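Student: Provided herewith is a single structure, encoded as C-alpha cells, for subsequent inquiry.
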Amino acid sequence: MSGKTVIIGIDGVPYDLIEGLANTGEMPNFAELLEEGNFSKMHAAIPEVSNVNWSSIVTGKNPGQHGVFGFTELIQGTYTVSFPDRRALKAEPFWKDDKRYMILNVPAMYPADEIDGVFVSGFVSPDFEKAIYPDSALKYLNDIDYKVDVDSEKAHKSYRLFLDNLFDTLEKRKKAAEHFWEKKWDVFMLVFTGSDRLEHFLIDAYYDEEHEYHERFIEYFREVDEIIGDIVEKMDEEDRLVMMSDHGMEQIKKNVNVNAVLEEHGLLKLGDEHDKRYKNIEEGTKAFALDPGRIYLNRKDRYPRGEVEDGEKTLEEMIDIFEDLTHDGEKVIKKIHRGEKVYHGDQTNKSPDLILTPNEGYNLKGSVKYDSVFAENIFSGKHTEDDAFLYCNDMPLPEDPTVEDVRSLIERDEDE
C-alpha cells in the first residue's frame, strides 16, 4: 500500500455553502482542491443527526447495522432516556485493524478507543480523561487547555462571547492537529465541529451580508481553510485526502414539536402537564417521538405500559396526520419513512417505526416538554439530509453517494 490517508470532516456544512465560499475566494485552499479532485453532494443517514451519521461514516454501515438511531434512546424495557456513545456501536469502525491512527475529535466516539496511535473523542465527552488515549496525549492536551467542544451555552447569553469561545476552540484544535501530525501514523482523521455550532446559531448571518456577525461567520471558515491548506502542504503526492460533512444545514422557519401533534390526536398521554417526561407516559399511549422526528409505537412487548400489538392501523393513522400537518398553508412534512424500508441489519429491532423528513425550514423536535405544536427558539439553523458534501483527491466518487460510502474511500486495497 502506498501513501497515507488524511480525512477531514467539517460537521454540518452543506454542499452549497462550502462551494460558495470556495467560489468567492473565502476558502482558496479548498477551491484549489476542487480543481484537482472529485466533489459531490452526499446524502446523510436518516435521521440527519451527527451521531447517527458519523457512526455510518466510520463503520460504512446503515443504522440498522451499527445500531445508533439518534442522540437519545430509551433503555430497553423502560421509558428511561439514554445517550448512546461509541460503546453502542454494533459494527466495527475502520480503525480496528493493524494500521496506526490519529483520530481527532470524531463526534459520538466517546470514550476514547484504545488504538495503535492517538484517539481524542469528540462531543459528547463528559469525562475529559476518558476522552483521550493514551495518557501521554492527555498530558499534552491538558497543557494546551484543549477543548472538546464549543461552549454553546455562551450563545444563549452573548453571541460575542460564543464566537470568542468558538475561535479559541478552533485554535486549540489546530494546535492539537499540528502536534499529532508529527507522530507516526498511517491514517490521520480530524473533524471540525465548531462549524455545526456556528451554523445552528448564526447561519442567518451567512446569508445576510448586513448581519452584525456576517464577517465573523466567514472568518471561521477562512481559518478552517487555512488549516486545510497547512495539512495539504505537508501531504505527499501519493497521499489520499478525503473530506466530508455529515449532514447539511438550512435556515429555520419554525420548530415543530412532534409529540405535541401526537398528544393533540390522543396518541400520546403524558399525565401531569407540569411534569412531562418519558417516564410519565401513561396507559393508553399508542406512540411517542424521540428527536428529531423518530416515532415509536408503544408496543406491548417492548415498553412497560405498552398499548399496541398490531400497529398497522396506528401507523396508517399517524401517516395521515403528518401528511396533513400544515403551517401557514405550507405542508410541514416532506416524506414519511417506514423504519423497515430505510433500515436493514440485525439492529432493526431497535429502529423507529416511522421517521419524518420535514419540508424546507421546518425543524422537527422530539422533546416531551413543549407548550404548543409550533414554536421558536434561539437557533437559526437546522440539519438537512440531502446536501452534505464529499470530496476525494484521487478516486472517483460513487454515483449519488451516501455517508455509508465514505469508508470505501478511506480504505485502500492492498494491491492498489
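The values are calculated or read from the model by the stated rules, or taken from the named source; none is laboratory data. None of these values were measured; they are calculated from a predicted model. All Cβ positions, even for glycine, are placed from backbone atoms using ideal geometry, and neighbour counts span all protein chains on display.
Student: Among residues belonging to segment 279-291 that are in contact (Cβ under 8 Å) with a residue 60 or more places away in the chain and buried (at least 18 other Cβ atoms within 10 Å of the Cβ), point out the one that is farthest from ARG305 (Cα to Cα).
Tutor: LEU290
Student: Just need a number here: residues in segment 92-115 that are buried (at least 20 other Cβ atoms within 10 Å of the Cβ), touching a residue at least 24 places away in the same chain (Cβ under 8 Å) and not hydroxyl-bearing (Ser, Thr, Tyr).
Tutor: Residues meeting the conditions: 11.
Student: With the checklist (1) in contact (Cβ under 8 Å) with a residue 60 or more places away in the chain; (2) surrounded by fewer than 19 Cβ atoms within 10 Å (Cβ to Cβ); (3) over 15 Å from the mean Cα position of the chain (by Cα) in hand, flag the one item ASP386 doesn't pass.
Tutor: (3)
Student: For VAL118, are the conditions met, namely being under 19 Å from the mean Cα position of the chain (by Cα) and crowded, with 19+ Cβ neighbours inside 10 Å? Break it down stepwise before answering.
Tutor: Details: under 19 Å from the mean Cα position of the chain (by Cα): no; crowded, with 19+ Cβ neighbours inside 10 Å: yes.
No.
Student: Still on this model: Does ASP310 satisfy being exposed (fewer than 14 other Cβ atoms within 10 Å of the Cβ) and either assigned by TED's automatic domain parsing to the domain that holds VAL342 or among the hydrophobic types (A, V, I, L, M, F, W, C) (or both)?
Tutor: yes
Student: Here are the criteria: (1) polar (S, T, N, Q); (2) over 30 Å from ASP301 (Cβ atoms); (3) touching a Lys or Arg at 6+ places or on another chain (Cβ under 8 Å). Tell me which single one THR80 does not satisfy.
Tutor: (2)
Student: State whether the residues of segment 403-411 include one that is surrounded by 20 or more Cβ atoms within 10 Å (Cβ to Cβ), touching a Gly at 6+ places or on another chain (Cβ under 6 Å) and in the same structural domain as VAL52 (by TED's automatic domain parsing).
Tutor: Looking through segment 403-411, at least one residue is surrounded by 20 or more Cβ atoms within 10 Å (Cβ to Cβ), touching a Gly at 6+ places or on another chain (Cβ under 6 Å) and in the same structural domain as VAL52 (by TED's automatic domain parsing).
Student: Out of the residues in segment 336-376 that are among the charged types (D, E, K, R) and over 20 Å from the mean Cα position of the chain (by Cα), which is surrounded by the most Cβ atoms within 10 Å (Cβ to Cβ)? So that I can check it myself, show each step before the final result.
Tutor: Let us first name the residues in segment 336-376 that are among the charged types (D, E, K, R), namely 338, 340-341, 346, 350, 353, 360, 365, 369, 371, 376.
Add one more test, that the residue is over 20 Å from the mean Cα position of the chain (by Cα), and what stays is 338, 340-341, 346, 353, 369, 371, 376.
Working: ARG338: 14, GLU340: 11, LYS341: 8, ASP346: 11, ASP353: 19, LYS369: 11, ASP371: 9, GLU376: 10.
Checked segment 336-376; the qualifying residue surrounded by the most Cβ atoms within 10 Å (Cβ to Cβ) is ASP353.
Student: Take ILE333 and tell me if it is β-branched (Val, Ile, Thr), over 30 Å from TYR207 (Cβ atoms) and not assigned by TED's automatic domain parsing to the domain that holds PHE71.
Tutor: Judged against the criteria, ILE333 is not a match.
Student: Please determine, by comparing only the residues of segment 6-65 that are assigned to a helix (DSSP H, G or I) and among the charged types (D, E, K, R), which one is nearest to ILE203 (Cα to Cα).
Tutor: ASP16
Student: Of the residues that make up segment 381-388, is at least one assigned by TED's automatic domain parsing to the domain that holds HIS247 and closer than 28 Å to GLU238 by Cβ?
Tutor: Yes, segment 381-388 contains at least one residue that is assigned by TED's automatic domain parsing to the domain that holds HIS247 and closer than 28 Å to GLU238 by Cβ.
Student: If ILE333 passes every condition in (1) more than 18 Å from ALA375 (Cα to Cα); (2) in contact with an Asp or Glu (Cβ under 7 Å, 6 or more places away or on another chain); (3) β-branched (Val, Ile, Thr) but one, which one does it miss?
Tutor: Result: ILE333 fails condition (1) only.
Student: Out of PHE71, PHE30, I need the residue that is under 30 Å from GLU215 (Cβ atoms) and either without any contact (Cβ under 8 Å) to a residue 60 or more places away in the chain or of a type in the set (A, V, I, L, M, F, W, C) (or both). Which one?
Tutor: PHE30
Student: Identify the residue in segment 153-166 that is buried (at least 17 other Cβ atoms within 10 Å of the Cβ) and free of Cβ contacts under 8 Å to residues at least 60 places away in the same chain and, among all such residues, is farthest from PHE221 (Cα to Cα).
Tutor: LYS154
Student: Quick one: count up the residues across segment 253-292 that are part of a strand (DSSP E or B) and of a type outside the set (A, V, I, L, M).
Tutor: Step one: filter segment 253-292 for residues part of a strand (DSSP E or B), giving 254-257, 287-290.
From what's left, of a type outside the set (A, V, I, L, M): 254-255, 257, 288.
Counting residues in segment 253-292 that are part of a strand (DSSP E or B) and of a type outside the set (A, V, I, L, M) gives 4.
Student: Could you grab me the full set of residues in segment 119-143 that are acidic (Asp, Glu) and more than 20 Å from PHE188 (Cα to Cα)?
Tutor: Those that are acidic (Asp, Glu) and more than 20 Å from PHE188 (Cα to Cα): ASP127, GLU129, ASP143.
Student: Right, next: Being without any contact (Cβ under 8 Å) to a residue 40 or more places away in the chain and among the β-branched types (Val, Ile, Thr): is that true of ILE144 here?
Tutor: Yes: the conditions hold for ILE144.
Student: Right, something else. Tell me yes or no: at least one residue of segment 20-30 is touching a Ser or Thr at 6+ places or on another chain (Cβ under 9 Å) and either of a type in the set (S, T, N, Q) or modelled with pLDDT of 95 or more (or both).
Tutor: Scanning segment 20-30, I find no residue that is touching a Ser or Thr at 6+ places or on another chain (Cβ under 9 Å) and either of a type in the set (S, T, N, Q) or modelled with pLDDT of 95 or more (or both), so the answer is no.
Student: How many residues does segment 244-267 hold that are free of Cβ contacts under 8 Å to residues at least 24 places away in the same chain and either farther than 20 Å from VAL81 by Cβ or buried (at least 23 other Cβ atoms within 10 Å of the Cβ) (or both)?
Tutor: So the answer is 1.
Student: Scan segment 277-299 for residues that are modelled with pLDDT of 95 or more and among the basic types (Lys, Arg) and report the count.
Tutor: Matching residues across segment 277-299 total 3.
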